[in-house]
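Here is the structure we will look at.
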Amino acid sequence: MSATAAATASHPHILVFPYPAQGHMLPLLDLTHQLALRGLTITILVTPKNLPFLSPLLSSHPSSITPLVFPFPSHPLIPPGVEHVKDVGNCKLEDPLFNWFNSQSNPPVAIISDFFLGWTQHLATRLQIPRLAFFSTRAFLVSVFDYIWNNVEKVKCLSEVEFGHLPGSPVFKQEHLPSLFKLYKRSDPDWEFVKDGLLANTKSWGYVLNSFDALEGEYVQWLKTHVAYDRVFNVGPLSLIGPDVSDRGNSGSSSDLNDQVMTWLNQCPDGSVVYVCFGSQKLLRKEQMEALASGLEKSDTRFIWVVKPGTTQQHVEGFGVVPDGFEQRNAGQGLVVKGWAPQALILNHKAVGGFLSHCGWNSVSEAIVGGVMMLAWPMEADQFVNARLLVDDMGVGVRVCEGADSVPNSDELGRVISEAMTEGGGMKTKAKDLKEKAFAAVSHGGSSMNDLVRFVKELGQLGR
Ligand code: UDP
């Protein structure tokens, strides 16, 4: 283990610990970028496996961000499933980090860590420094988080859960709440530990959210009033305050691929392309791949379809396999990208008019920033709750399918894509409107910028 962070008293030193999965690392890295630009010295904890993903990204950040490579007993590039979360929850990094902290000439004055890493709250208490929980999910979920954990046995038995403590008393189907809660088994000591860690978030010194007030102000306000008082910092969309979108393309996609995609998009009419991607991890099974391929063909719409590579075994089982002949038949009409696509760049291209997505929170946020309407296919985790916001509350999307196991009807899928892309005027206008609100939030005097300034000021004062 080594750290070269040369912090000085005038540049307070912050330890940042993202959960090791892309959807958690990318937004926290965007936040870190701003903190470094505003004079804070950052040590960012990474795992050996994540370093290759993070290194190219760090090259577009200020040099006052230093990676500290810690051995980490997890599988950073696989989905954060049960065992993964357990690994993280049970992680025994507390003592090595405690020792590292005590070896620093200018030790960190605060920890900012992912909400999955609730045990860092115990570490912060031991070190007698504040810890801020970073939430890479909707403010709504943050405001029901401890309620669900504290009532998990009851919630599990309900078909619908009403959150009467929140503005508007929202009601959600139990099956649409994050599966993490459903996996919890009271008899399992590992899960008790994870639960304790996650609930420890409520004891954190502050909350950092990747949202903006025009999107979810009522829940943010609720958190400010009831949970973390004036230490809720709602600073999103974080992709707007991170490095330039063209640098984000370097996070795993080659510049050749970026050029190829941009050249292809440049010759497409404005708003004519539907971008299809299900986040950093998700692989569709054979029947889903076939239905989606067929739906895209029937929609007669230009497309970019991102397919994750998967393992050899997954391919044998048909996961992530593009149907034979599809690419040849549709050359000119579409691009299939196998691997990591420059998503933020794509969503900001004027040729892109729609985003068929699993509705991961970063994808949602990036679509809003791009002013692109959504074709929602929520599958798991927070995705149903996110889709509700987009489709039912904001009117910037339409559902095309629901559930990780569902197979869409390809005729219906083709029709919905085609109609949304050609006639979805209302949705498109609302998406442009929301984009403007997102930009306003991070502009001078905007709600997120005000929170960011307040955040940096509070962190800066810790160094005094
Ligand atoms: N992403 C990307 N290229 C890809 C797939 C994903 O750049 O080929 C990025 C995407 O822009 C987003 C993140 O990875 O920032 C995925 O996060 P999200 O919350 O949408 O989904 P998750 O992967 O966590 O399910």
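The values are calculated or read from the model by the stated rules, or taken from the named source; none is laboratory data. Just so you know, these numbers come straight off a predicted model, no measurement behind them. Glycine gets a Cβ as well: all are built from the backbone with ideal geometry, and neighbour counts include every protein chain shown.
Before moving on, here are some points about what is shown:
- Yes/no for Gly318 being away from the ligand (no atom under 16 Å from the Cβ) and on the phi > 0 side of the Ramachandran plot: yes
- Being of a type in the set (S, T, N, Q), closer than 20 Å to Asn50 by Cα, surrounded by 14 or more Cβ atoms within 10 Å (Cβ to Cβ) and at pLDDT 85 or above is a property that Ser113 has.
- Scanning region 37-57 for residues that are away from the ligand (no atom under 13 Å from the Cβ), surrounded by fewer than 20 Cβ atoms within 10 Å (Cβ to Cβ) and over 23 Å from Ala381 (Cβ atoms) turns up Leu37, Arg38, Gly39, Pro48, Leu51, Pro52, Ser55.
- Of all residues in region 235-251, those being modelled with pLDDT under 80, buried (at least 17 other Cβ atoms within 10 Å of the Cβ) and of a type outside the set (Asp, Glu) number 5.
- Residue in region 148-170 that is in the same structural domain as Gly206 (by the TED database), outside any strand (DSSP E or B), modelled with pLDDT of 90 or more and under 18 Å from the mean Cα position of the chain (by Cα) present: no
- Here Tyr19 meets each of (1) within 16 Å of the ligand (Cβ to nearest atom); (2) part of a helix (DSSP H, G or I) with one exception, condition (2).
- Any hit, region 402-411, residues being within 12 Å of the ligand (Cβ to nearest atom) and under 30 Å from Ser169 (Cβ atoms): yes
- Per-region count, region 327-375, residues small (Gly, Ala, Ser) and either away from the ligand (no atom under 12 Å from the Cβ) or over 22 Å from Val391 (Cβ atoms) (or both): 10
- Residues considered: Gly426, Gly403, Gly445, Gly395. Of these, the only one that is surrounded by fewer than 19 Cβ atoms within 10 Å (Cβ to Cβ), free of Cβ contacts under 8 Å to residues at least 60 places away in the same chain and in a helix (DSSP H, G or I) is Gly426.
- Scope region 410-422; condition closer than 16 Å to Ala293 by Cβ and exposed (fewer than 14 other Cβ atoms within 10 Å of the Cβ); matching residues: Asp411
- The set of residues in region 126-162 being without any contact (Cβ under 8 Å) to a residue 12 or more places away in the chain and under 23 Å from Leu35 (Cα atoms) consists of Gln128 alone.
The rows are residues; the columns are (1) modelled with pLDDT of 95 or more; (2) part of a loop (DSSP other than H, G, I, E, B); (3) among the β-branched types (Val, Ile, Thr).
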site	(1), (2), (3)
Leu284	yes, yes, no
Glu290	yes, no, no
Gly295	yes, no, no
Gly310	no, yes, no
Gly320	no, yes, no
Pro323	yes, yes, no
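- Identity of the residue in region 325-347, out of contact with any Asp or Glu (no Cβ under 9 Å at 6 or more places or on another chain), under 22 Å from Asp300 (Cα atoms) and loosely packed, with under 15 Cβ neighbours inside 10 Å, that ends up modelled with the lowest pLDDT: Gly332
- Cross-chain or 6+ apart pairs with Cβ under 9 Å, region 332-361 first and over 15 Å from Ser246 (Cβ atoms), then within 8 Å of the ligand (Cβ to nearest atom) and aromatic (Phe, Trp, Tyr): Leu356/Phe278; Ser357/Phe278; His358/Phe278; Gly360/Phe278
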